[in-house]
1. Where does the charge balance sit around L102 when Lys and Arg score +1, Asp and Glu -1, over other residues with C-beta under 14 Å from its C-beta?
2. Stokes-Einstein D for segment 201-280 at 25 °C, 0.890 mPa s, Kirkwood Rh over Cα pairs, in µm²/s?
3. Distance from the Cα centre of segment 135-172 to that of segment 197-245, in angstrom?
4. Given I82, A125, V149, which one lies farthest toward the positive end of the charge dipole of segment 78-192, if we put +1 on the Cβ of every Lys and Arg and -1 on the Cβ of every Asp and Glu?
5. Taking 0.36 nm per residue of sequence separation and subtracting the Cα-Cα distance, how much length would be gained by fully extending the chain between F136 and L269, in nm to one decimal?
6. How large is ³J(HN,Hα), in whole Hz, for each residue of segment 125-131 in order, when computed from phi with the Karplus curve 6.51 cos²θ - 1.76 cosθ + 1.60 and θ = phi - 60°, using x for Gly and Pro?
Amino acid sequence: MEKRVYTPHSNIRKPWLMLGDMLRDIRSGHDLALRLTIRDIKALYRQSFLGLLWAFIIPLGNTVTWIFLNGTGIVSLGDTGIPYPVYVFTGTMIWSVFSESLLAPIKKITTNKATIAKVNFPREAIIMSAVYESLFNALIKILILVAAVAFMGYSGSWTLLLLPVGILSIVLAGTSLGLVLAPIGTLYSDVSKGLPLILQFLMYTTPVVYAIPDDGLTAKIINNNPLTPLICTARDWLTGQSPAFLDGFLWVNLGTIVLFLFTMVAFRLAVPILVERMNA
């Protein structure tokens, strides 16, 4: 039986011990994370008639809207380099992977708030469950994307093999940002209520539904948005284009990995405070 010693002192004084404990908890919480993921996925689709089709319906609805706006001349979306229906559909699908990954940690912690406050278990399992569920949803979207793009006659090339790398990087980026907001979002529901509005604004500063302008303030904002290399590179690999932001993609991924490790450590340190506030 594992022997665990609790002290009133923070493990941050001995970071190597804290990292060792965190890695052990991640290993021991793997089975629990899988069980939580399976439970939540079943609960999500159990009472839904259309089930997994919702992963396709919402992006398709957004695609039709923007195709209508572009086709009627209500808005001018610029030269996208590939057929606009392919551009906007792939963009909205990839963006939905990011937004779901960002919201997943907050939803998971909020849903399991009572369990976290009353039961002693590896809390990293909650975050792992959020990642697993995001990867499951992303896998469904990859299959839909590949099939839909092939149906539209733009099936890409061997670069499709790199698409899972691009999607994984987007899931990691979304989860890392979600972990930054998770402690505050657990205590204050305002975060969860305000995030959809922020995500909507953020989407318009990313080349999801329109091409990057050649110049101007909007072009500067989009080109300096860390999400731009992730979205564009994943889309380019999907449609067989030459990635225009490959260097940025690599740098953003490096920063994302560092951010993810930092937020995992911060989450571990924040859990005792969260439990205390929940039980107050």
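Each value in this text was obtained by applying a stated rule to the coordinates, not by laboratory testing. Being a predicted model, the structure only gives us computed values, none of them experimental. Glycine also receives a Cβ, built like all others from the backbone with ideal geometry; neighbour counts cover every protein chain displayed.
1. On the way: positive: K107, K108; negative: E100, E133.
Combined, the nearby Lys, Arg, Asp and Glu give 0.
2. Values: Rh = 15.0 Å.
My calculation gives 164 µm²/s for D.
3. 17
4. Going by the Cα projections, it comes out as A125.
5. Result for the pair: 45.1 nm of gain on full extension.
6. Once rounded to whole Hz, the list reads 4, 5, 5, 4, 5, 4, 5.
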